[in-house]
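See structure below.
The values are calculated or read from the model by the stated rules, or taken from the named source; none is laboratory data. Here the structure is a predicted model, which is why all the values come from computation and not from measurement. Reconstructed Cβ throughout: ideal geometry from the backbone, glycine too, with neighbour counts over all protein chains shown. Only protein heavy atoms, including side chains, enter the accessible area calculation; ligands, DNA and RNA are left aside. Shrake-Rupley method; radii C 1.70, N 1.55, O 1.52, S 1.80 Å.
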Amino acid sequence: MKGTNGRRAGLSIVAVTLLTGVAGCSSGGSEGSGGDGESSSSSSPSKGGGTHVSPIAALRTAEKSTDGADSAKVESTTTMGSLMAMTADGSLGWGDGLTGTLTITYTGGTMADTMRQLGATSMEARYLPDAYYARMGDVFAEQAGGKHWIKYPYEALETLGGGSGAYLKDQMENSTPNQSVKLLLASGDVRRVGEETVRGEHTTHYSGTVEVADLATRNSSLSDSQLADLKKQLEQAGVTTETVDIWVDDENLLVKKVEQGQAANGAYSQTAYYSDYGTPVDTEVPPAADTADFSELLQQQGAGPTS
């Protein structure tokens, strides 16, 4: 019984790790708009004395430029109620499906406590076009037949917790910087805040509030299908209102984003920085002999999907 209970505990943390790993590079907000040596000058003229374009037109350009850049280095800080505080650092590519590697470190909350019991507060996360992989600690490997890596096939995620599983699948496959720009465009009330310096770069700051119930009716400049997809993702996460702030550099690339809101698991926030667009991203599939499939682990515990 002791071994079975240990394995059940290990499997439960894997489910939470999947959720927070997603949060590390996609949804969720910030500890604020300032700090990190940033300065604000909302009333200053645009760099070079140019004429400001409309916020919607500027964001459309930023969305296309960021999407077309294919890859970037990412740093983020995320909090989600008392569940966890975490940082993520690495590179992501999105030119041909989502790829990349992030180092995720749990710095607080119940997640950090549980991960510590599993022998590590940091893990490596790898994103490939068909699945997400998480490298757990040695303690977990002892409970999983010596295997350190857990594979989460995206298609299998929809069977995990119904709507929440579908949300995780969508988030994992759409964890790119331009998704934040789309979210801001969907707000329908996007506004230009001003010009600011972010980590030494001249940027323009835009802000908006997303009211999920109104997404289908707002004039957001997104297509009906894009609005429907965004609304579905947010509703599945239990989000009703979310504030989004982004900073765009002079090359129309997103360099910082802040998202804050309330979800089913409580208040969340995330700040993310993007740099070195076009950086090479070479992500390898972990060794099969050292990898356990999440769906198979669930089935072994009698917790697999039901028909």
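Some values worked out for this structure:
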{"quantity": "Of 73/151; 147/256; 147/257; 147/232, pairs whose Cα-Cα distance is over 30 Å", "calculated": "147/256; 147/257; 147/232"}
{"quantity": "Accessible surface, 1.4 Å probe, highest first, among residues 157, 83", "calculated": "83, 157"}
{"quantity": "Near-label residues of region 243-272 by backbone N, under 14 Å of a point 7 Å along Cα→Cβ of residue 107", "calculated": "269-272"}
{"quantity": "With all protein chains modelled, accessible area of residue 251 [1.4 Å, Å²]", "calculated": "130 Å²"}
{"quantity": "Full-extension gain in nm, residue 120 to residue 201, via 0.36 nm per residue minus C-alpha separation", "calculated": "25.6 nm"}
{"quantity": "Separation in nanometres of the label points that stand 7 Å from Cα toward Cβ, at residue 293 and residue 70", "calculated": "3.2 nm"}
